[in-house]
Ligand code: NAD
């Protein structure tokens, strides 16, 4: 990918799944990666893997604990990343939570949690990175939505939060474009991670991919490739758009 070598990225939810795979991929593209998460052990493990095991990674990785729900903490983390790395060229707003629940099964408290992490976490990230990217006159933000934010699904409240991420991304793009900042979203489909392993019974795990063109689960690395593309200069004329990484899920 063009334009990632020598750059700096912040990844939220980098302790696991898509966030970990994307941290690896960005470091393989030569980008220094500031891995953040509430899971300290997992985040430090991602950094250790990148710095000590991944021979293809020419970028360095660093860890900082960050709860995306806290806007002040997010502002402080981004300011620190900017100080330590010299710039923040890419922000991957990836942290998210979800349960396999319909509307009638969901408690009001859980709705708050979903909105705080999945929606406000993304908003907070954009708030924190804006002054840095504004000063740079450039930057790329990638937000994590979901196929559940695109299509109606039985994970109702989770889907509502992911639809909000899509709407926000498309709406804010013209405003950020004035400052040379691109913002896009990815909509992963069925990706084999810790999150989805807790969602499906063995039988459902086998049946669910039949709705994809390849009849298989996706790997986090396959989402990471799209994140790297959107982060890179190869996507210089792409903003305000979602990319579905879902093997044609219907
Ligand atoms: P995952 O559970 O493996 O990773 C999520 C990470 O987010 C974890 O490391 C977790 O500790 C972190 N996190 C949770 N709450 C946080 C908070 N408040 N602050 C900071 N970090 C927090 O799951 P994943 O599948 O890799 O999910 C990554 C993103 O992709 C999520 O936004 C998820 O909704 C989205 N997504 C996943 C799939 C899929 O099939 N796996 C599909 C569509 C969308």
Zone reached by a paramagnetic label modelled 7 Å from residue 58 Cα along Cα→Cβ, restricted to the stretch 1-26 with backbone N below 15 Å, covers 1-8, 25-26
Hull volume in cubic angstrom per residue (convex hull over the Cα atoms of the stretch 170-227) | 114
Label points 7 Å out from Cα along the Cβ direction at residue 214 and residue 106: separation in nm?
-> 3.0
Quick one: helix 156-177 against the long Cα principal axis of the chain, what's the angle to the nearest 10°, folded into 0 to 90?
-> 30
Highest-MSF residue in the chain out of 46, 157, 106 [GNM, Cα springs under 10 Å] = 106
Counting each DSSP H run of 4 or more residues in the chain as -39500 (n - 2.57), what helix-only mean residue ellipticity at 222 nm follows after dividing by all residues, to the nearest 500 deg cm²/dmol?
-> -12500 deg cm²/dmol
Most fluctuating of 98, 13, 180 in the GNM of the chain (C-alpha, under 10 Å) is 180
The stretch 42-194: spread of alpha-carbon positions along the three principal axes, whole Å, largest first, is 48, 40, 27
Please build a GNM for the chain, connecting alpha carbons under 10 Å apart, and tell me which residue among 29, 99, 55 fluctuates the most.
-> 55
If each Cα of the stretch 1-127 is one equal point scatterer, what is log10 of I(q)/I(0) from the Debye formula at q = 0.19 Å⁻¹?
-> -0.96
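Any read-out appearing in this document is the output of simple, stated calculations on the displayed coordinates, not a laboratory observation. Being a predicted model, the structure only gives us computed values, none of them experimental. So basically every Cβ, Gly included, is an ideal-geometry build from the backbone, and we count neighbours across all protein chains shown.
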